[in-house]
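To start, the structure under review is shown below, and the notes come after it.
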Amino acid sequence: MKTIEEVLGPGSKKGVFYGRESSDKQDADMKTQKHMAYSLVEKYKCEIVREYVDTGVSAYKKKMEQRAGLMEMLDDLDKNKVDFVVVFQGDRLARNPMEHFKIRAFMNAREIYVIQSSGQDLYNSGDLLGQLMKDGYSKYEADNISTRTRDDFETRISKGIYNGGGAPFGYRYLGNHQFKIMPDEKIVVKNIFELYKSGQGFQSIAEILMTDKNTKDIWCKETVKSIITNPFYMGYLTFGRVNKSSRNSINDKSKWTITRFKGIEPIITQEEWEQCWEIYKKKSQGDLPPKHFKTSYLFKGVIYCKDCKQPLMCKDQRTKDKGKPYGSRVYKCPNRNCGLSYRADDLHEFIINDILPSVYIKARTAPHETLHEEILSSLKKDANQLLKDIKELEEQVADYIIELSQAESRVLSLYQESIESNETELMILIEHRMRLKKWIEGTKHVIDKKTKRIQYINHVESDFEIWKDSFLGSVLEEYDLQNDTKLRRLILYIFEKVEISKNWEINYTTRIDLEGDAALHVMGSFLENK
Ligand SMILES: [Zn+2]
């Protein structure tokens with residue numbers, strides 16, 4: 001693989017310049033493109049012998065064949081070989097994968113190197129396939145766009161210029177690069193950060209906010225997350241924080257460009273923000289107890305439809321009509337013909353008031369050691385199942401990788417034959433390869449989640465020692481529905497499975513062998529529906 005020094009050194013090389021100027025204000029103008037090209041070429045004591053330009057042309061809209069300057073250049077290069085072509089960035093030449101592929105193939109075949117003045121690097125390395133396979137086109141384009149906008153961002157922010165659209169919750173944009181704090185929203189923002197510091201998760205904060213009857217906003221976990229993770233609230237603007245191609249997930253902080261912006265008056269201190277960011281990071285890395293516990297559906301994953309044997313879905317059916325909330329959170333049978341549905345609050349109250357005490361009384365009489373062992377062996381069983389799942393998933397990933405390499409070698413042979421006649425198949429293969437990569441990534445993500453769950457189970461083991469005293473102590477007196485973590489824990493420890501029918505009949509299996517029976521079944525009925 002060549003370097004720019006090898007291409008331009010030891011000087012006196014001759015090349016041509018290609019520039020494309022679009023009406024997009026984000027793009028570098030022709031003056032900049034030329035300036036960058038000439039100063040780079042002069043640095044190596046080389047010479048630009050001719051310029052080719054297309055102006056007012058967006059590469060998105062016009063095919064390469066419709067760009068006169070580009071076509072003329074390719075024509076000339078076919079007849080008269082030069083040592084190099086210099087462009088501002090590769091995206092000046094083409095925007096879609098096939099065009100990039102064609103241009104790189106053309107240049108490689110003629111041993112002409114295209115230099116990108118913005119990054120002082122090469123657009124074509126001579127190894128077409130390697131480039132294609134390693135980077136993938138989408139990444140290539142994303143990086144290019146990102147560098148360009150990032151530079152632009154930093155320049156503007158340093159000048160106190162804001163051009164990022166609207167203001168986040170809590171602020172209004174006044175124009176003239178100034179933001180104003182909305183006093184009522186400021187209280188909510190402060191409250192959100194306080195709640196997060198106290199250990200609440202995004203979902204539970206959203207639920208707490210929705211219980212405020214004066215709220216004019218609809219809160220959900222995403223909107224809470226967008227506040228907690230935004231340094232705007234401490235007076236900073238960021239670039240590259242949100243990964244728009246990945247369900248708006250938050251990028252690692254090292255990928256951000258972050259700058260203090262004087263037009264923002266902070267609502268919280270930098271210290272507070274950093275503190276919340278640390279919590280967020282720990283939670284997302286699984287260092288803190290996962291949100292498995294932080295659910296307002298206490299029986300999620302534990303409760304089943306007695307008739308259909310399906311785990312019940314948790315659905316938030318609350319909506320707002322003229323500011324008045326109605327509907328509720330429900331557990332629902334996934335079988336549409338079944339129709340079983342319970343309000344979460346009713347079901348929680350029933351099980352907690354009517355079922356749990358009897359289980360609890362029995363648990364109190366069971367010897368400690370047995371109890372401990374029973375729970376652990378049951379959790380171990382779960383962990384082993386997870387390990388098995390992971391193994392299967394890993395095999396699946398291995399299959400995908402084999403398929404991927406087959407696709408890649410097919411691309412290679414197509415490329416060696418002739419590009420023109422195989423264009424369609426080549427495009428299909430490139431897309432197939434991208435899809436495979438996505439599948440691999442997705443499966444790895446699932447494996448990761450399961451691994452974390454195992455870590456959690458192992459974590460429970462040590463936790464249990466601390467926990468069992470309060471379990472046998474006064475857990476029931478302590479529980480608090482606003483802060484349901486403890487209760488959810490208790491439920492997960494005790495119940496392996498709870499089955500419910502349409503008329504409140506309940507069957508359950510405990511993780512604990514309470515009276516020496518393998519499983520405990522208690523029938524109950526709930527008459528009073530609140
Ligand atoms: Zn059902």
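The values are calculated or read from the model by the stated rules, or taken from the named source; none is laboratory data. Because the structure is a prediction, the values reported are computed rather than measured. Note that we place each Cβ from the backbone using ideal geometry, even for glycine, and neighbour counts take in every protein chain shown. Calculation scope for accessible area: heavy atoms of the full protein, side chains included, ligands and nucleic acids excluded. Shrake-Rupley method; radii C 1.70, N 1.55, O 1.52, S 1.80 Å.
Computed over protein heavy atoms with a 1.4 angstrom probe, the accessible surface ordering of Arg435, Arg110, largest first, is Arg435, Arg110.
A 1.4 Å probe, protein heavy atoms only, puts the accessible area of Leu387 near 90 Å². With the simple spin-label model, which puts each label point 7 Å out from Cα in the Cβ direction, the Arg343 to Cys308 separation comes to 2.2 nm. As an exercise, use a Förster radius of 60 Å and the Cβ-Cβ distance of Lys315 and Ser12 to find the FRET efficiency, rounded to the nearest 0.05. That pair, Lys315 with Ser12, gives E of 0.25. Excluding ligands, DNA and RNA, the accessible surface per residue across segment 171-284 is 53 Å² with a 1.4 Å probe. Each other residue within a Cβ distance under 11 Å of Asn335 adds +1 if Lys or Arg and -1 if Asp or Glu, for a net charge of +2.
Shown is the FRET efficiency for Ser409 and Lys388, computed with R0 = 35 Å from the Cβ-Cβ distance and rounded to the nearest 0.05: 0.60.
A full extension of the chain between Glu271 and Asp76 corresponds to an added length of 64.1 nm, given 0.36 nm per residue minus the alpha carbon distance. For Gly19, the residues 5 or more places off, or on other chains, whose built amide H falls under 5 Å of its own are Tyr52, Val53, Asp54. Between Thr215 and Asn503, the simple spin-label model (points 7 angstrom out along Cα→Cβ) gives 3.9 nm.
Estimated from the Cβ-Cβ distance and a Förster radius of 25 angstrom, the FRET efficiency linking Lys31 and Thr3 is about 0.35.
Evaluate 2.2 N^0.38 Å with N set to the residue count of segment 171-284, then give the Cα radius of gyration divided by it.
The reported ratio for this selection is 1.06.
Other residues whose C-beta falls under 10 angstrom from the C-beta of Trp219 contribute a net charge of -3, scoring Lys and Arg +1 and Asp and Glu -1.
Remark: segment 382-398, residue by residue, has Karplus-estimated 3J(HN,Hα) of 4, 4, 5, 4, 4, 4, 5, 4, 4, 4, 4, 5, 5, 5, 4, 4, 4 Hz, where x stands for each Gly or Pro and the curve is 6.51 cos²θ - 1.76 cosθ + 1.60 at θ = phi - 60°.
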